[in-house]
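**Q** Sharing a structure here in structure tokens format.
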Amino acid sequence: MYLNIVFLPLLGSFVAGFFGRFLGGRGSGLVSISCVGSSFFSSLLAFYEVGLGGSSTYLYLMPWLESDSFHVDWAFCFDSLTVVMLVVVTFISSLVHLYSIEYMGGDPHLSRFMSYLSLFTFFMLILVTADNFVQMFVGWEGVGLCSYLLINFWFTRIQANKAAIKAMLVNRVGDFGLALGIFGIFICFGAVDYSTVFALAPQLSECTLSFFNINFNALNLIGILLFVGAVGKSAQLGLHTWLPDAMEGPTPVSALIHAATMVTAGVFLLARCSPLLEYCSNALFIITIIGGMTAFFAATTALVQNDLKRVIAYSTCSQLGYMVFACGLSNYSVAVFHLANHAFFKALLFLGAGSIIHAVGDEQDMRKMGGIRRLLPFTYAMMVIGSLALMGMPFLTGFYSKDVILEVGYSAYSNVSHFAYWLGSFAAFCTAFYSIRLIALCFLSEPNGGRSLLLSASESSWPMGLVLGILAIPSIFIGYLSRDLFIGLGTDFWGNALFCLPVNLNIIDAEFMTTSIKIIPLCLSMSGALLSFVLYKHYSLNLFLLKTSLLGRKCYTFLNRKWLFDKVYNDLITQNLLDFGYHFTYKAIDRGLIESLGPFGLSNVLLYQVKNLRCLHSGYLYHYLVVLGWSNLLFALFLLFGFKFIKIQMLLLFIVLWSII
């Protein structure tokens, strides 16, 4: 059963990819849905057996890499953390497969699309079930590859090409950091399997490692390098620029990869490495700072974005910041709880956005929508549910995890935790503002689109509506139903999957915070939602005057241009690297040194010499006869008198050279 969970999506991808032309688009979709759906039901059984029954499972397949003391096996570890991720990944993936059959039904390459989706699911399952860092890295790179293929699915679009290349290159930076972290783990621990590394972590807490000829604390350095990998994959501040641009891919891709699964791989990595990170105090400090700053930065940027999918993409980036700084505060269970909750309502938002885009003729600019709540009442209801859950409104899923993250941030009683708490609280205000802004611009405001757009708008077909309805159920109830199981006081659900030193456990202190502190994030969310509703529903003229004022225009431009991160990267880093590559490596080395000393350069030299020797060819026969006669005379004299003074090898060499001349 456990191996079926992992390898059934690979079977579906293989069949849809190689036999899609015989099965057709619908047939490929049915095969892949069957395989991923079977994997989901098997994951539910695994969750019951491993998570609820407390029976962790380890499967050894075969040895993989062996070189001296370096030994890596193909093995799978199913513990509480793994089965939670399995249920989330396979559930979202099954629904996205079903949604895609209808959403992409008119595309002639539907079989290829379904194959890529199933292949992505397979690599994601490899990532979360791996027993060692190397096998996990295989899944890590595999989801990056599938991300490139899916973003660039419509490969005739220039923007899709650029977005896919950008996602690949930015993730390479994070992957390089993760690879260095794995190298450091092997140098320090002599192994790369989780059990050995985590067991030896307390004994090596004082070990040092030389990096750039500087000695660092080994575990802190390894923790930071692992976090660099998480920054790339989970789009944290600095390497976040690929995530909004990745919206060029089809909407089901955005829902599967950039909302619920691939971008959470970085948070999963931090949670998986909790026995290691607990002894990396400096690394946890940096993780908390970056996570809090990401939550605030992405939330403020989403305030003024006009593309429907980009707003939700920056929202994803912001929510990932919450999860990361929860990990930095050693509350890994809360982070994973928010990860699972976030997957449901963010997938609902993305697929709801897909339903809107599908209905209005592929228009994504929210300023050209408006007034479609009567045309799309079901989609409107689903988007409201998803937005309220994202805002953390009471009794919806987001409330039970998002507020706990902020509470543990305050209850840690350190400068860095309070810094993250206040940034997270202001991010909650911004989250509510842009969520209601999205609802107002798309559904509540007066129609701003063309007449043809409104006349053609209608609800999507039943498969898409069924998927939205199914996702709405966990977006409302799953937080309440699973709160005590995941983060309740005294719960033993996680077992040994997550580890936290007693001194870092803040969730108990969070239970005894004053009510006034606990409701600050909720009050900020309510005020943000109310302000957004009033401004966009009744005072749009005042909002326009605010935007066009001197200060308002500068703030709007700054936020709309994403805090100028892209400009800084393009002007200061990318352009200088391209100039250096052209003027030095290309012109000086490739076109200069290598071509001069290579075959091309030698042929040019010989050609030049031959052209200079043309002056010796006078064209008169008696000149050639004189040269030939004197040459033969000199050669004969050399044979008579020079033979005994020179070795036979040199004589042969001279004969050969003479023949060439």
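**Q** Looking at 484, 571, 579, 566 in this structure, which one is touching a residue at least 24 places away in the same chain (Cβ under 8 Å) and surrounded by fewer than 17 Cβ atoms within 10 Å (Cβ to Cβ)? Can you show your working first?
**A** Numbers: 484 fails: touching a residue at least 24 places away in the same chain (Cβ under 8 Å); 571 fails: touching a residue at least 24 places away in the same chain (Cβ under 8 Å); 579 fails: touching a residue at least 24 places away in the same chain (Cβ under 8 Å).
Of 484, 571, 579, 566, the one residue that is touching a residue at least 24 places away in the same chain (Cβ under 8 Å) and surrounded by fewer than 17 Cβ atoms within 10 Å (Cβ to Cβ) is 566.
**Q** Name, by its number, the condition in (1) at pLDDT 90 or above; (2) under 16 Å from the mean Cα position of the chain (by Cα); (3) polar (S, T, N, Q) that does not hold for residue 220.
**A** Of everything listed in (1) at pLDDT 90 or above; (2) under 16 Å from the mean Cα position of the chain (by Cα); (3) polar (S, T, N, Q), residue 220 misses just condition (2).
**Q** Just to be sure before I move on: is residue 394 in the same structural domain as residue 537 (by TED's automatic domain parsing), under 18 Å from residue 522 (Cβ atoms), over 29 Å from the mean Cα position of the chain (by Cα) and touching a residue at least 12 places away in the same chain (Cβ under 8 Å) in the structure I sent?
**A** Working: in the same structural domain as residue 537 (by TED's automatic domain parsing): yes; under 18 Å from residue 522 (Cβ atoms): yes; over 29 Å from the mean Cα position of the chain (by Cα): yes; touching a residue at least 12 places away in the same chain (Cβ under 8 Å): yes.
So residue 394 fits the description; yes.
**Q** Do you know which of the residues in segment 12-52 that are surrounded by fewer than 19 Cβ atoms within 10 Å (Cβ to Cβ) and either within 16 Å of residue 146 (Cβ to Cβ) or in contact with a Lys or Arg (Cβ under 6 Å, 6 or more places away or on another chain) (or both) is modelled with the lowest pLDDT?
**A** 17
**Q** Given the structure, is residue 127 closer than 23 Å to residue 222 by Cα and touching a strand residue (DSSP E or B) at 6+ places or on another chain (Cβ under 8 Å)?
**A** Judged against the criteria, residue 127 is not a match.
**Q** Also: Could you tell me which of the residues 86, 81, 110 is in contact with a strand residue (DSSP E or B) (Cβ under 9 Å, 6 or more places away or on another chain) and either more than 30 Å from residue 472 (Cβ to Cβ) or among the aliphatic types (A, V, I, L, M) (or both)? Walk me through how you get there before you give the answer.
**A** Details: 81 fails: in contact with a strand residue (DSSP E or B) (Cβ under 9 Å, 6 or more places away or on another chain); 110 fails: in contact with a strand residue (DSSP E or B) (Cβ under 9 Å, 6 or more places away or on another chain).
Result of the check over 86, 81, 110: 86.
**Q** Report, ordered by the first and then the second residue, all pairs with beta carbons closer than 7 Å, sequence separation of six or more or different chains, a first member in segment 447-461 that is over 12 Å from residue 371 (Cα atoms), and a second member that is among the β-branched types (Val, Ile, Thr) and at pLDDT 75 or above.
**A** Cβ pairs passing all conditions: 459/379.
**Q** Condition test on residue 280, is it at pLDDT 90 or above and either farther than 23 Å from residue 145 by Cα or surrounded by fewer than 24 Cβ atoms within 10 Å (Cβ to Cβ) (or both)?
**A** So residue 280 does not fit the description; no.
**Q** Could you give every pair whose Cβ atoms fall below 9 Å, whose first residue belongs to segment 44-63 and is at positive phi, and whose second residue is part of a helix (DSSP H, G or I), counting only separations of at least 6 or pairs across chains?
**A** As it stands, the answer is 54/80, since those pairs meet every condition given.
**Q** May I pose another question? Output the qualifying pairs, or none if there are none: Cβ atoms under 9 angstrom, residues six or more apart or on different chains, first residue in segment 360-372 and of a type in the set (Lys, Arg), second residue surrounded by 17 or more Cβ atoms within 10 Å (Cβ to Cβ) and assigned to a helix (DSSP H, G or I).
**A** 367/441; 368/453
**Q** Being of a type outside the set (A, V, I, L, M, F, W, C) and surrounded by 23 or more Cβ atoms within 10 Å (Cβ to Cβ), is that true of even one residue in segment 381-390?
**A** Yes: one or more hits.
**Q** If you don't mind, another one. Could you say whether any residue in segment 96-115 is aromatic (Phe, Trp, Tyr), crowded, with 24+ Cβ neighbours inside 10 Å and either without any contact (Cβ under 8 Å) to a residue 40 or more places away in the chain or touching a Phe, Trp or Tyr at 6+ places or on another chain (Cβ under 9 Å) (or both)? Give the derivation first.
**A** Taking segment 96-115 and keeping what is aromatic (Phe, Trp, Tyr), we get 99, 103, 113.
Filter once more, keeping what is crowded, with 24+ Cβ neighbours inside 10 Å: 99, 103, 113.
Of the ones still in play, those that are also either without any contact (Cβ under 8 Å) to a residue 40 or more places away in the chain or touching a Phe, Trp or Tyr at 6+ places or on another chain (Cβ under 9 Å) (or both) are 113.
Yes, some residue in segment 96-115 is aromatic (Phe, Trp, Tyr), crowded, with 24+ Cβ neighbours inside 10 Å and either without any contact (Cβ under 8 Å) to a residue 40 or more places away in the chain or touching a Phe, Trp or Tyr at 6+ places or on another chain (Cβ under 9 Å) (or both).
**Q** Which of the residues belonging to segment 369-420 are over 30 Å from residue 352 (Cα atoms), among the aromatic types (Phe, Trp, Tyr) and modelled with pLDDT of 90 or more? Walk me through how you get there before you give the answer.
**A** Of the residues in segment 369-420, the ones over 30 Å from residue 352 (Cα atoms) are 407-420.
Now restrict to residues that are among the aromatic types (Phe, Trp, Tyr): 410, 413, 419.
Passing the criteria: only 419.
**Q** Within segment 177-197, track down each residue that is closer than 20 Å to residue 496 by Cα and in contact with a strand residue (DSSP E or B) (Cβ under 7 Å, 6 or more places away or on another chain).
**A** 192, 193, 194
**Q** Same structure again: Of the numbered conditions (1) closer than 30 Å to residue 538 by Cβ; (2) at pLDDT below 80, residue 504 fails exactly one; give the number of that condition.
**A** It fails just one condition, (1).
**Q** Which residue pairs have Cβ atoms under 9 Å apart, sit 6 or more places apart or on different chains, and have a first residue in segment 201-215 that is assigned to a loop (DSSP other than H, G, I, E, B) and a second that is of a type in the set (S, T, N, Q) and modelled with pLDDT of 85 or more?
**A** Pairs that qualify, where the first residue is assigned to a loop (DSSP other than H, G, I, E, B) and the partner is of a type in the set (S, T, N, Q) and modelled with pLDDT of 85 or more, are 205/217; 206/217; 207/217.
**Q** Here's something else I'd like to know. Looking only at segment 165-221, count how many residues are under 30 Å from residue 145 (Cα atoms) and of a type in the set (Gly, Ala, Ser).
**A** The qualifying residues number 9.
Okay, residues lined up against (1) in contact with a helix residue (DSSP H, G or I) (Cβ under 6 Å, 6 or more places away or on another chain); (2) outside the structural domain of residue 358 (by TED's automatic domain parsing); (3) hydrophobic (A, V, I, L, M, F, W, C); (4) within 21 Å of residue 262 (Cβ to Cβ):
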residue	(1), (2), (3), (4)
36	yes, yes, yes, yes
75	no, yes, yes, no
111	yes, yes, no, no
126	yes, yes, yes, yes
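**Q** Another one. Is segment 245-268 home to any residue that is assigned to a helix (DSSP H, G or I), within 16 Å of the chain's Cα centre (by Cα), aromatic (Phe, Trp, Tyr) and at pLDDT 90 or above?
**A** Yes, the conditions are met somewhere in segment 245-268.
**Q** The conditions are (1) under 30 Å from residue 198 (Cα atoms); (2) β-branched (Val, Ile, Thr); (3) within 32 Å of the chain's Cα centre (by Cα); (4) surrounded by fewer than 17 Cβ atoms within 10 Å (Cβ to Cβ), and residue 503 fails exactly one of them. Which is it?
**A** Failed condition: (3).
**Q** Any residue that is within 20 Å of the chain's Cα centre (by Cα), farther than 18 Å from residue 247 by Cα and not assigned by TED's automatic domain parsing to the domain that holds residue 253 - is there at least one of those in segment 142-153?
**A** Going residue by residue through segment 142-153, those that are within 20 Å of the chain's Cα centre (by Cα) are 142-153.
Checking the rest, the ones that are also farther than 18 Å from residue 247 by Cα come to 142.
Applying the additional criterion that residues be not assigned by TED's automatic domain parsing to the domain that holds residue 253 yields 142.
Checked segment 142-153: at least one residue is within 20 Å of the chain's Cα centre (by Cα), farther than 18 Å from residue 247 by Cα and not assigned by TED's automatic domain parsing to the domain that holds residue 253.
**Q** Consider only pairs whose beta carbons are under 6 Å apart and that are at least six residues apart or on different chains; among these, list those whose first residue lies in segment 542-557 and is free of Cβ contacts under 8 Å to residues at least 60 places away in the same chain and whose second residue is among the aromatic types (Phe, Trp, Tyr) and surrounded by 12 or more Cβ atoms within 10 Å (Cβ to Cβ).
**A** Taking only residues 6 or more apart or on different chains, the pairs are 547/556.
**Q** Of the residues 288, 301, which is in contact with a Lys or Arg (Cβ under 6 Å, 6 or more places away or on another chain), on the phi < 0 side of the Ramachandran plot and not acidic (Asp, Glu)? Can you show your working first?
**A** Numbers: 288 fails: in contact with a Lys or Arg (Cβ under 6 Å, 6 or more places away or on another chain).
The unique qualifying residue is 301.
**Q** Go through segment 116-137 and give me each residue that's polar (S, T, N, Q), touching a Ser or Thr at 6+ places or on another chain (Cβ under 8 Å) and either surrounded by fewer than 24 Cβ atoms within 10 Å (Cβ to Cβ) or under 26 Å from residue 199 (Cβ atoms) (or both). Before you say what the answer is, go through the steps one by one.
**A** To start, the set of residues in segment 116-137 that are polar (S, T, N, Q) comprises 118, 121, 129, 132, 135.
Now narrow it down to the ones that are touching a Ser or Thr at 6+ places or on another chain (Cβ under 8 Å): 118, 121, 129.
If the condition is that a residue be polar (S, T, N, Q), touching a Ser or Thr at 6+ places or on another chain (Cβ under 8 Å) and either surrounded by fewer than 24 Cβ atoms within 10 Å (Cβ to Cβ) or under 26 Å from residue 199 (Cβ atoms) (or both), then 129 is the only one that fits.
**Q** From the list 452, 461, 475, which residue is more than 30 Å from residue 540 (Cα to Cα), loosely packed, with under 15 Cβ neighbours inside 10 Å and among the polar types (S, T, N, Q)? Reasoning before the result, please.
**A** Numbers: 452 fails: more than 30 Å from residue 540 (Cα to Cα); 475 fails: loosely packed, with under 15 Cβ neighbours inside 10 Å.
Just one listed residue meets the conditions, 461.
The values are calculated or read from the model by the stated rules, or taken from the named source; none is laboratory data. Please read these numbers as outputs of a predicted model, since none were measured by experiment. All Cβ positions, even for glycine, are placed from backbone atoms using ideal geometry, and neighbour counts span all protein chains on display.
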